[in-house]
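First up is the structure itself, then whatever we jot down about it.
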Amino acid sequence: CTKAPEGQQSLPPPVASVVDALSAECAAAGGKANVRDAARRADLNGDGRSDFVVHAGWIPCDDAASVFGDRRKLLTVLIGEKGDGARQAYTSYVYDAAIEDHGSRPELWLTTSGEGCGHVPAATFSDEHFCDRQVVWMNMADRFELAPLATIRPPK
């Protein structure tokens with residue numbers, strides 16, 4: 001089971017499993033994963049418990065740096081539950097992710113491209129259109145979803 005950095009609580013088992021799977025992918029390519037910053041905590045759904053964002057882009061893979069690719073990487077969001085629980089509530093492949101503090105509640109923003117930005121995918125990567133798009137909590141669906149296209153912004 002993956003532990004959080006010293007001085008922080010350990011990760012709930014479902015979160016540790018996601019981190020461990022990415023670490024194993026790195027190891028299978030002959031690398032050693034640095035998982036210190038793999039899982040970030042923030043109350044993204046406003047229930048008073050920490051939720052967890054795990055992004056392969058936050059995991060350096062020493063000796064196999066290209067294992068997660070140089071483009072889109074797996075991102076998983078797990079909502080914290082009572083006790084030591086968590087459950088997956090969103091997953092996608094994105095270029096980057098950031099948890100931003102805008103006052104009342106932290107916001108998760110993903111850097112995506114093409115259809116995720118309301119455009120037809122470009123023929124070449126150099127012609128691709130990129131944008132940042134927020135992930136929002138949908139109470140009725142009990143999961144996270146991308147915010148409407150009208151809310152996209154240029155990547156930071």
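The values are calculated or read from the model by the stated rules, or taken from the named source; none is laboratory data. All values reported here derive from a predicted model rather than from experimental measurement. We place every Cβ from the backbone using ideal geometry, glycine too, and count neighbours over all the protein chains shown. Heads up: the accessible areas ignore ligands, DNA and RNA and are worked out on the full protein's heavy atoms, side chains in. Shrake-Rupley method; radii C 1.70, N 1.55, O 1.52, S 1.80 Å.
A few points about this structure:
- Of the residues making up the stretch 12-32, those that are without any contact (Cβ under 8 Å) to a residue 40 or more places away in the chain, open to solvent by 20 Å² or more (accessible area, probe 1.4 Å) and not in a loop (DSSP other than H, G, I, E, B) number 8.
- Residue check for VAL120: touching a residue at least 60 places away in the same chain (Cβ under 8 Å) and among the aliphatic types (A, V, I, L, M): no
- Qualifying residue in the stretch 38-59 (condition: assigned to a strand (DSSP E or B), in contact (Cβ under 8 Å) with a residue 60 or more places away in the chain and of a type outside the set (D, E, K, R)): yes
- Scanning the stretch 97-143 for residues that are basic (Lys, Arg) and either farther than 17 Å from ARG41 by Cβ or modelled with pLDDT of 90 or more (or both) turns up ARG133, ARG143.
- Within the stretch 85-150, strands (runs of 3 or more DSSP E) holding 1 or more residues that are open to solvent by 50 Å² or more (accessible area, probe 1.4 Å) and among the aromatic types (Phe, Trp, Tyr): 85-94, 130-138
- Residue list for the stretch 60-78, restricted to those being touching a residue at least 40 places away in the same chain (Cβ under 8 Å) and either open to solvent by less than 70 Å² (accessible area, probe 1.4 Å) or out of contact with any strand residue (DSSP E or B) (no Cβ under 9 Å at 6 or more places or on another chain) (or both): VAL67, PHE68, LEU74, THR76, VAL77, LEU78
- Among (1) open to solvent by 30 Å² or more (accessible area, probe 1.4 Å); (2) more than 14 Å from the chain's Cα centre (by Cα); (3) among the polar types (S, T, N, Q), the one test that ASN45 misses: (1)
- Every residue from the stretch 1-20 that is modelled with pLDDT of 95 or more and of a type in the set (Asp, Glu): ASP20
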